[in-house]
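Taking it in order: structure first as C-alpha cells, then the write-up.
The values are calculated or read from the model by the stated rules, or taken from the named source; none is laboratory data. As the structure is a computational prediction, the values presented were derived from the model and not from experiment. Counting neighbours? That spans all protein chains shown, and the Cβs are built from the backbone with ideal geometry, glycine included. For the accessible areas, the whole protein counts, side chains as well, though only heavy atoms, and no ligand, DNA or RNA atoms are used. Shrake-Rupley method; radii C 1.70, N 1.55, O 1.52, S 1.80 Å.
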Amino acid sequence: MPALFLKVDTSGVPEEGAPPADRIIAGNPRTRTWNVEEAEGGLYAGIWEATPGKWRISYDEWEFCHILTGISVVSEDGGAAVTVKAGDSFVLRPGFKGTWEVLETTRKEYVIRL
C-alpha cells in the first residue's frame with residue numbers, strides 16, 4: 001500500500017527541461033521539477049524552479065502557486081504585469097495566456113488540476 005503522507009522536498013533527482021524553443025522571448029531559461037504527487041483525475045503537486053529568461057505561457061489547467069524564492073513577473077495578455085516573490089501565492093486559471101519572466105531564479109510550490 002502506498003504511503004498516504006508525502007513530504008514535499010527536493011532530495012530526489014529533478015526532471016530537467018526548458019520552455020519550448022518557439023515560446024522563449026529572452027534568455028536561456030532552464031527548469032527543474034520535483035513532481036511528488038500524480039493522483040487520479042489529473043492532480044499534480046510538487047516544486048518547480050526556473051532560471052532567468054522570459055517565455056510565453058498558455059494554461060489549459062488550473063494551478064495554485066506559492067513562491068518560495070526568487071523574483072518573477074507574470075503578465076496576462078491585455079492585462080497588467082504582476083511581480084511575484086518569496087511568500088506570494090496566486091492561481092492561474094484555465095485560459096490564461098501571457099508571459100512568465102524570471103528575474104532571479106524562482107522556485108515555487110504548485111498544485112495543478114487538469
Just checking, does the range 63-72 include any residue being aliphatic (A, V, I, L, M) and either in contact with a Leu (Cβ under 9 Å, 6 or more places away or on another chain) or without any contact (Cβ under 8 Å) to a residue 40 or more places away in the chain (or both)?
yes
Using beta carbons and a limit of 7 Å, which pairs, at least six apart or on different chains, have the first residue in the range 84-110 and touching a residue at least 40 places away in the same chain (Cβ under 8 Å) and the second one aromatic (Phe, Trp, Tyr)?
Thr99/Trp55; Trp100/Trp55; Lys108/Trp48; Tyr110/Trp48; Tyr110/Phe64
Index of the failed condition, Asp22 passing every other in (1) open to solvent by 40 Å² or more (accessible area, probe 1.4 Å); (2) in a strand (DSSP E or B); (3) of a type outside the set (Ser, Thr, Tyr)
(2)
All conditions in (1) under 19 Å from Asp88 (Cβ atoms); (2) over 11 Å from the mean Cα position of the chain (by Cα) are true of Ser72 except (2)
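Kindly indicate the residue of the range 99-114 that is of a type outside the set (D, E, K, R) and closer than 14 Å to Asp60 by Cβ and also surrounded by the fewest Cβ atoms within 10 Å (Cβ to Cβ) among those meeting that condition. Lay out the reasoning, then the answer.
Of the residues in the range 99-114, the ones of a type outside the set (D, E, K, R) are 99-100, 102-103, 105-106, 110-112, 114.
Next, only the ones that are closer than 14 Å to Asp60 by Cβ stay: 112, 114.
Details: Ile112: 20, Leu114: 11.
Among those residues, the one meeting the criterion is Leu114.
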